[in-house]
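What follows is a single structure, written as structure tokens, with notes after it.
Here, each number is a calculation from the coordinates, and none is a lab measurement. In this text the structure is predicted, and so the values were computed from the model without any measurement. Note that each Cβ is placed from the backbone with ideal geometry, even for glycine, and that neighbours are counted across all protein chains shown.
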Amino acid sequence: MGLLDFFKKKKKPEKKKEEKKIEKRIEKKVEDRPLPKVKPKRKVSKMAYRVLSSVHVTEKATGLEAENKYVFNVLPKANKNEIKKAIEDLYGVNVVNVRIINIPRKQRRLGRQKGWRKGYKKAIVRIKKGQRIEIMPR
């Protein structure tokens, strides 16, 4: 059964008394130091996730970024005030105004079968000049 001895844990050699004393001194010095200040994480309300559906990424929407306007798909029951609060909370920017567009559902056909493509609600949000939202991480 010499093969099974290979898996047994090896015992670490014990440290000398002098080394133990030095380690205790070092630990005391570390404990006396003040802890570095950590910035508290910004708390995002759950409302932001109940209002915003996704970022609307198209050529036209990326062109609007030069004018400090960003386009988002939002849930159908969301209103302007909820959208404004959600964006300010989530991205930490100041929203100047919000415009909402309801895109209606459209009928589509595949062969003889007819169906409907979903409609959605789109919000164009203008933020304060000089601020920006990082939509696509670089």
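Filtering 122, 128 for residues that are surrounded by 10 or more Cβ atoms within 10 Å (Cβ to Cβ) and under 13 Å from residue 71 (Cβ atoms) leaves a single hit, 122. Here the condition is being of a type in the set (Asp, Glu), touching a residue at least 40 places away in the same chain (Cβ under 8 Å) and within 19 Å of residue 136 (Cα to Cα); of 59, 88, 65, it holds for 65 alone. Criterion applied to 134, 88, 82 was being charged (D, E, K, R) and buried (at least 16 other Cβ atoms within 10 Å of the Cβ), and the one residue passing it is 82. Whenever a residue of region 118-138 is more than 23 Å from residue 75 (Cβ to Cβ), it has no partner that is surrounded by fewer than 15 Cβ atoms within 10 Å (Cβ to Cβ) and among the charged types (D, E, K, R) lying with C-beta atoms less than 6 angstrom away and at least six residues away or across chains.
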